[in-house]
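Below: one structure, written as structure tokens.
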Amino acid sequence: MKLVKSWQFRKVYDEGKKLVCDYAVIFYYRNPEAQEGPCFGIVASKRVGGAVERNRAKRLLRETARGLSGKLNHRNIWIVLVAKSRINGRAASEVADDIRHGMEDAGLITR
């Protein structure tokens, strides 16, 4: 499931928690009303670079989200992944490992 509405992103930003990794910032919110499982939102601002760099950053974050969605400890969670400019030029495995380690440290996934 995807987060697409601005109010969903705002709720995660305002009421959730923040986790800073090397290549992304992770905002997460445990939504007690959510029934559909984990929902992800992907953000890459102009700070990341031009359109090509932003699209590649979003692809990397979407692929990471797909790989981690089945490993989450909580099914009723909303997660927003915000790309940092350091993501440019990184391999998909580097980005996935960085985000996975951050989520493990926060207790969102098991080691």
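Structure data summary
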item: Which numbered condition LYS84 fails, given (1) loosely packed, with under 13 Cβ neighbours inside 10 Å; (2) touching an Asp or Glu at 6+ places or on another chain (Cβ under 8 Å); result: (1)
item: Unique match (being open to solvent by 70 Å² or more (accessible area, probe 1.4 Å) and at pLDDT 95 or above) among VAL43, VAL4, VAL48, VAL52; result: VAL52
item: Single condition LEU108 does not satisfy, out of (1) open to solvent by 30 Å² or more (accessible area, probe 1.4 Å); (2) under 20 Å from LYS2 (Cβ atoms); result: (1)
item: Selection count, region 14-38, where residues are more than 26 Å from ARG90 (Cα to Cα), open to solvent by 60 Å² or more (accessible area, probe 1.4 Å) and either of a type in the set (S, T, N, Q) or not in a strand (DSSP E or B) (or both); result: 6
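The values are calculated or read from the model by the stated rules, or taken from the named source; none is laboratory data. Values in this document were obtained by computation on a predicted structure and should not be read as measured data. Positions of Cβ are generated from backbone atoms using ideal geometry, with glycine treated the same way; all protein chains shown enter the neighbour counts. Calculation scope for accessible area: heavy atoms of the full protein, side chains included, ligands and nucleic acids excluded. Shrake-Rupley method; radii C 1.70, N 1.55, O 1.52, S 1.80 Å.
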